[in-house]
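Chemist: Here it is, the structure in full.
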């Protein structure tokens, strides 16, 4: 699989999922209500690589967005638009993501 930070608009299927989702954003910090296995949970201070919406429906409600990491992708179904700007952003994000994520998540435990 390609490196992290696939282009916005990329449609993927996550491991164990039945519904496709489309990447809409990067470096997500969920703060609102979260649902896991049908139950509402208190969000952890955790950073995710991608934000996404259901495909083909899009964002119908702010509470139906998804946050996930690259290693959860089972299959890339459609690759979004790749430009020089997108490639440069991916390079920058790949270069500093782990450092920033560690600082953000460690701040939650202090």
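Chemist: For the chain, with a Gaussian network of springs between Cα atoms less than 10 Å apart, report the residue from 47, 79, 22 with the top mean-square fluctuation.
Modeler: Largest GNM mean-square fluctuation: 79.
Chemist: For residue 46 paired with residue 17, estimate the spin-label separation in nm (one decimal), with each label point 7 Å from Cα along the Cα-to-Cβ line.
Modeler: 1.5 nm
Chemist: Moving on. What do you get when you divide the Cα radius of gyration of segment 11-109 by 2.2 N^0.38 Å, with N the number of residues?
Modeler: 1.13
Chemist: Grab the Cα-Cα distance for residue 103 and residue 74, subtract it from 0.36 nm times how many residues apart they are, and report the gain in nm with one decimal. Present the calculation step by step, with values, prior to reporting the outcome.
Modeler: Details: separation 29, 0.36 × 29 = 10.44 nm, distance 2.81 nm.
Extra length from residue 103 to residue 74 when fully extended: 7.6 nm.
Chemist: How much FRET efficiency would the formula 1/(1 + (r/R0)^6) give for residue 84 and residue 39, where r is the Cβ-Cβ distance and R0 is 41 Å, rounded to 0.05?
Modeler: 0.40
Chemist: Compare 60, 93, 13 in a GNM of the chain, Cα atoms joined below 10 Å, and give the one with the largest fluctuation.
Modeler: 60
Chemist: Using only helices, what value at 222 nm comes out for the chain when you add -39,500 (n - 2.57) per DSSP H run of length 4 or more and divide by the total residues, to the nearest 500 deg cm²/dmol?
Modeler: Using -39500 (n - 2.57) per qualifying helix, the result is -8500 deg cm²/dmol.
Just so you know, all these numbers are worked out from the coordinates, no wet-lab data involved. Since this is a predicted model, take the numbers as computed values, not measurements. Note that each Cβ is placed from the backbone with ideal geometry, even for glycine, and that neighbours are counted across all protein chains shown.
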